[in-house]
Each structure stands twice: as C-alpha cells, then as structure tokens.
Amino acid sequence: MRAWGASLAAFALALAGCDAALPPREEVPSLAVDAGWPTIPAGAKFGEVSAVDVDAEGNVWVLHRAGRKWAEPFPEDPIPEPTVFKFSPEGKLLAQWGAGQFVMPHGISIDPDGKVWITDVAREQVMRFSPEGTLELTLGEQGVTKQDASHFGRPADVAFLGKRVLIADGYVNTRVAEFSSEGQFLRDWGDFKVAHAVAVDDRHIYVADREHARIAVYGHDGKEVASWASPAGNHTYAIKPLGGGRLLAVEGRDGADRNGAILRIYAADGTVEASYDISLPGEDASLGHDLAISADGHIYVTDVNGGRVVRLSLPATSDK
C-alpha cells in the first residue's frame with residue numbers, strides 16, 4: 001500500500017507540474033533584419049532603445065537611454081549623455097542632442113511640422129523640441145503624478161490628428177489626453193490598463209491597451225468602435241497604420257509574460273494577416289518596444305533588451 005500510495009503521490013505531483021508549466025512559445029516565421037543599420041560612432045553611449053520615428057525627409061529619429069536602465073523608483077538626475085540620435089535613411093548619424101534633459105525618456109514622435117515630441121515617464125512631462133533640440137513647449141508638472149488637465153501619469157506616446165495632439169497616458173493614468181498643438185488641454189477619454197501607444201489614420205484612432213492584450217479602435221470622436229485581441233494573448237507595445245485600415249503592431253511580451261519581439265499585421269476588420277518573429281536568440285534577449293514606417297516601406301523597430309534599433313522590410317505578400 002505504501003508503494004502504491006507513493007506512486008499516486010508522484011503522479012499527482014507530476015500533474016500539478018504539468019498545470020504549472022508555461023505554454024510553449026508561439027511559433028511564427030522569423031523575419032530577417034538589417035542588423036548593420038544604423039552606424040553608431042565609436043565612443044557614443046547607446047543603451048535601452050525606447051522609441052523611433054521617421055520625419056518627412058526620411059530621416060530616422062531614435063530615442064535611447066544612453067546606458068541608463070529602467071529601474072523603479074526612478075532616479076532624479078538627468079542622463080548626462082545625448083539621448084536623441086538623428087540618422088539618415090542610410091544609417092549615418094546626422095545629429096545628437098538631449099544631454100542633461102531627460103530622466104527616463106520613453107516616446108519620440110515627429111509632428112507634420114517636423115517638431116520633435118518626447119515623453120519622459122520619470123519627469124511626468126511631454127516636451128516639444130525644434131529639430132535642432134531647442135525646447136519649445138512643456139506639458140505637465142515635473143515629478144507630479146495626477147490625472148487632470150495639467151498633469152500626467154507616466155505619459156508613453158504621442159500621435160497627431162490635424163492640430164490635435166493625442167497623448168497615451170499611460171502607465172499610471174488610464175486615458176488618452178488631447179491637447180492643441182500649442183498645449184491647450186482639450187479633453188481626455190478611454191479606460192486602459194497601460195495605454196502604451198497611440199496611432200491614427202484617416203478614419204480611426206488606435207490605442208495599444210498593453211496590459212489588456214488588445215488594440216482598442218476608436219473613431220476620431222473618441223468613441224470606441226472595435227477591440228482587437230492578440231491571438232496569442234500577447235501584450236501590444238506599439239502600433240502604426242499601414243493604410244487602408246490595416247495596422248502593424250509589435251508585441252513585446254507574450255501571454256505568459258515572456259519577453260520577445262513579434263510583429264503582427266492586422267487587416268481592417270481586426271483579423272491577423274501575418275505574424276513574424278524578429279527576436280534575438282536567447283530567452284528574454286529582446287523586448288520589442290516601438291516601431292516606425294518610412295515612406296519607402298522600411299520598418300524600424302526598437303528593442304529595449306537588445307539595446308538596438310533594427311531596419312527590415314515586410315515580405316511582398318504582406319505589403320498589400
């Protein structure tokens with residue numbers, strides 16, 4: 001009886017272990033990236049690469065943390081090295097600035113006039129700069145976390161709809177906050193669990209509701225019209241329109257909370273057209289965080305854990 005009882009106990013433990021085991025990682029085709037893009041000059045301190053955007057001339061703007069790692073509570077001192085790099089389409093460094101200005105920089109967005117908008121989750125502020133790095137406008141009160149017309153709760157991303165500035169706000173707050181291009185508060189809306197990214201096209205506003213593992217779709221009036229869940233329960237970090245209602249997304253964590261970098265193409269009805277893995281080899285080696293699309297069709301993706309920004313192209317069958 002003891003032997004039989006021991007066997008039953010071992011069997012029960014094995015079943016419990018099966019229940020506790022994580023599901024296998026999602027298997028999707030790998031997509032090659034141009035790992036040689038861009039050229040980082042010798043001596044430049046590069047680090048966690050948080051955000052990327054492309055201006056009207058095709059230049060690529062990259063926001064990174066210059067050796068600083070995400071750790072909470074956040075430090076109070078600004079990063080002493082330049083955190084904003086501007087690259088030519090070929091990957092040559094054209095300019096760098098931002099030294100001594102940011103504590104935990106998060107998002108970078110270029111508006112239709114070429115102005116550079118940057119969010120800083122530690123400063124609790126959204127700042128607008130000239131392309132040369134001159135500070136022109138600051139929204140929010142430094143170091144103060146609130147959800148109202150003049151404060152933020154770790155603002156993450158910025159998008160533009162005409163003269164409206166849409167701010168995904170963010171890790172602590174639960175909304176999209178709208179301002180005029182000159183900083184006048186207009187309204188806020190939504191109820192998200194980490195509004196990590198916001199994007200617009202000619203019909204919709206899209207919000208990466210990261211911890212709800214979905215993309216929330218709104219009309220330009222701020223009324224929700226659809227919700228697109230990741231087919232694998234993954235956490236969407238960044239989104240960009242492809243045209244015709246289609247959307248490109250990067251998912252930085254899967255449904256079991258493991259880091260990676262999955263690209264997902266959504267059709268206009270929210271169904272998935274294609275999925276690709278662009279992670280570095282190794283467990284948790286990558287964390288896909290932001291993406292941008294240039295007029296020539298190149299895709300740029302930032303990888304926080306990999307300390308890199310990569311360039312790639314979608315397969316022809318995916319680029320309808």
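Values for this structure:
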quantity	calculated
Relative contact order for the stretch 32-318, counting Cα pairs under 8 Å that sit 6 or more residues apart, in percent	13 percent
Degrees between helix 2-20 axis and first principal axis of the chain (Cα, 0 to 90, nearest 10)	20 degrees
Computed lengthening from residue 296 to residue 34, 0.36 nm per intervening residue step minus Cα-Cα distance	92.8 nm
Between the stretch 90-106 and the stretch 218-265, the Cα center-to-center distance that results, in Å	27 Å
Karplus-derived HN-Hα couplings along the stretch 62-69 (A = 6.51, B = -1.76, C = 1.60, θ = phi - 60°), whole Hz, x at Gly and Pro	10, 10, 9, 10, 6, x, 7, 9
Long-range lysine pairs (8 or more apart or interchain), the chain, Cα under 16 Å	7
Cα convex hull of the chain, projected area averaged across orientations, nm²	19.4 nm²
Amide hydrogen neighbours beyond the local backbone of residue 123, cut-off 5 Å, H modeled	103, 104
Cβ-based charge dipole, the stretch 32-318, positive-most Cα from 97, 288, 142	288
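Every number in this text was worked out from the coordinates using simple rules, so none of it is lab data. This structure is a prediction, so every number in the text was calculated from the model and none was measured. When we count neighbours, we look across all protein chains shown, and the Cβ atoms used for this are built from the backbone with ideal geometry, even at glycine.
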